[in-house]
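Enquirer: Supplied in structure tokens, the structure appears directly below.
The values are calculated or read from the model by the stated rules, or taken from the named source; none is laboratory data. Everything numeric here is computed off the predicted structure, so don't read it as measured data. Cβ: placed from backbone, ideal geometry, glycine included. Neighbour counts: every protein chain shown. Accessible surface is based on the protein model in full, side chains and every heavy atom, while ligands, DNA and RNA are left aside. Shrake-Rupley method; radii C 1.70, N 1.55, O 1.52, S 1.80 Å.
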Amino acid sequence: MKDRCTAILLAAGKGLRMGGNTRKQYLDLEGRPLFTYSLATMDNCDIITDIVITVLKGDEEICKEMIDVCGLGKKVRKIIAGGSERCFSVYKGIKQIDWPCNYVFIHDTARPFIEEDTLKRLYNEVRIHKACVAGVPSKDTVKISDSEGFVVKTPNRKDVWIVQTPQVFEFEMIREAYEKMVHSYVDVRAKGVVITDDAMVVEFFTGCRVKLVKASYRNIKVTTPEDLVTVLAYLKEKQEPDKQ
């Protein structure tokens, strides 16, 4: 029997570092909103069976309209309002899954160039390890600093990865981990722990080891205007073969 895999696509960010009046998930890239690029990949990948999209409260209808105009959304079951922080948006997305689900793919739609091959590698690994994340080995030397900005440690570069999304987990495990996170969030923050990705939730609340899975250096996250230059260059490069 085929596994059921739900993708939770996060498009509820405010995009404050981008500047301008348009939130980054809705930025026009070659005639389409940014968030629809990763949606199209999920829509067309056989592994993904269901999709939940989280958006800013009040954007549910406009998001649906954008998806319809692009001819996408055949797997979208729900478009919901996200939370005040990324982790709460993920939690709300997980709570919406009331259909059969084996694995959950959590992805930031600010990463438009997720590839189907990466989704397949993640799927193969999560079936073995229960938890895995997309990432790439760091090309740069990384320094660990103290609170005053002085170097305290230089980890071996071969052991350093830049973590991306999707992050993929066995459904029951990630659901229980997020339940624990939400119920103890105040205490966790009081200890100085800041939840920045889903793998942290699993590591902190389940102890499950998370497998790193090689993705692509092109799976960048659009955060600042400078990132758009790179994204537009990638799009132009992808379109060149079609013109030949």
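Enquirer: Quick one: accessible surface of Trp161, probe radius 1.4 Å, all protein chains present, in square angstrom to the nearest 10.
Expert: Per-residue accessible area (Trp161): approximately 80 Å².
Enquirer: Continuing with this model, one more query. With a 1.4 Å probe and every protein chain left in place, work out the accessible area per residue of the range 99-244 in Å², rounded to a whole number.
Expert: On the way: 8250 Å² over 146 residues.
Ligands and nucleic acids excluded, the figure is 57 Å² per residue.
Enquirer: Test of understanding: given the chain, find the longest segment containing no trypsin sites (Lys or Arg not before Pro) that are in a DSSP loop and have at most 12 other Cβ atoms within 10 Å.
Expert: Values: sites that count: Lys2, Lys14, Lys57, Lys74, Lys139, Lys143, Lys191, Arg209.
My reading of the result: 75-138 is the longest stretch.
Enquirer: From a point 7 Å beyond the Cα of Asp159 in the direction of its Cβ, which residues of the range 194-212 have a backbone N at a distance under 17 Å?
Expert: Taking a point 7 Å out along Cα→Cβ of Asp159, the residues of the range 194-212 whose backbone N falls under 17 Å are 210-212.
Enquirer: Roughly what % of DSSP beta bridges within the range 3-127 run antiparallel, to the nearest 5?
Expert: So the antiparallel bridges amount to about 10 percent of the total.
Enquirer: Now, a different point. Report the Cα centroid-to-centroid distance between the range 174-212 and the range 78-134 in angstrom, as an integer.
Expert: Centre-to-centre distance over Cα atoms comes out at 15 Å.
Enquirer: Can you pull the accessible area of Thr22 for me, 1.4 Å probe, Å² to the nearest 10?
Expert: 70 Å²
Enquirer: For the full complex of protein chains and a 1.4 angstrom probe, list Ser216, Ser145 by accessible area with the highest value first. Walk me through the numbers on the way to the answer.
Expert: Values: Ser216 20, Ser145 70 Å².
So, going from the largest accessible area down, we get Ser145, Ser216.
Enquirer: Another question about this same structure. Obtain the nm distance between the two label points defined at Val151 and Arg209 by a simple spin-label model: each point lies 7 Å from its Cα along the Cα-to-C-beta direction.
Expert: 3.0 nm
Enquirer: For Arg218, project a label point 7 Å along Cα to C-beta. Then give me every residue of the range 107-124 with its amide nitrogen under 13 Å of that point.
Expert: Label zone hits: 112-118.
Enquirer: What stretch of the chain, leaving out the sites themselves, is the longest with no GluC sites (Glu not before Pro) in a DSSP loop having at most 11 other Cβ atoms within 10 Å?
Expert: Longest site-free region, per DSSP loop and neighbour criteria: 31-147.
Enquirer: Now a separate question. Extension gain Glu237-Thr141, at 0.36 nm per residue separation less the Cα-Cα distance, in nm? Don't jump to the answer; show the numbers that get you there.
Expert: On the way: separation 96, 0.36 × 96 = 34.56 nm, distance 2.88 nm.
Full-extension gain reported as 31.7 nm.
Enquirer: Do any chymotrypsin sites (Phe, Trp or Tyr not before Pro) in the range 172-241 lie in a loop, going by DSSP, with at most 15 other beta-carbon atoms within 10 Å of their beta carbon, and if so which? Can you show the working numbers first?
Expert: Values: sites: Tyr178, Tyr185, Phe204, Phe205, Tyr217, Tyr234; in loops: Tyr217.
Of the chymotrypsin sites (Phe, Trp or Tyr not before Pro), the ones in loops of the range 172-241 whose Cβ has at most 15 other Cβ atoms within 10 Å are Tyr217.
Enquirer: If you don't mind, there's one more thing I want to ask. What residues qualify as long-range amide H neighbours of Gln164, i.e. H under 5 Å apart, gap of 5 or more or another chain, H built at 1.01 Å from N?
Expert: Ala134, Gly135, Val136
Enquirer: Can you give me the Kirkwood hydrodynamic radius for the chain, using every pair of distinct Cα atoms, in Å to one decimal? Walk me through the intermediate numbers first.
Expert: Details: mean 1/r = 0.0530 Å⁻¹.
Value: 18.9 Å, from the Cα pair sum.
Enquirer: For the chain, what proportion of DSSP beta bridges, expressed in % and rounded to the nearest 5, is antiparallel? Don't skip to the answer; put the middle values down first.
Expert: Details: 14 of 35 bridges.
Antiparallel bridges: around 40 percent, rounded to the nearest 5.
Enquirer: Hey, got the Cα dimensions of the range 76-220 along the principal axes, in Å, largest first?
Expert: Per principal axis, max minus min of the Cα coordinates gives 49, 39, 27 Å.
Enquirer: A further question on this structure: At 10 °C and a viscosity of 1.306 mPa s, what translational diffusion coefficient does Stokes-Einstein give for the range 137-229, taking Rh as the Kirkwood radius over Cα pairs? Give it in µm²/s as a whole number.
Expert: On the way: Rh = 15.9 Å.
Taking Rh from Cα pairs, D becomes 100 µm²/s.
Enquirer: Hey, another quick one. Relative to 2.2 N^0.38 Å, what does the C-alpha radius of gyration of the range 36-143 come to as a ratio? Two decimals please.
Expert: Numbers: Rg = 15.0 Å, N = 108, 2.2 N^0.38 = 13.0 Å.
This ratio for the range 36-143 stands at 1.15.
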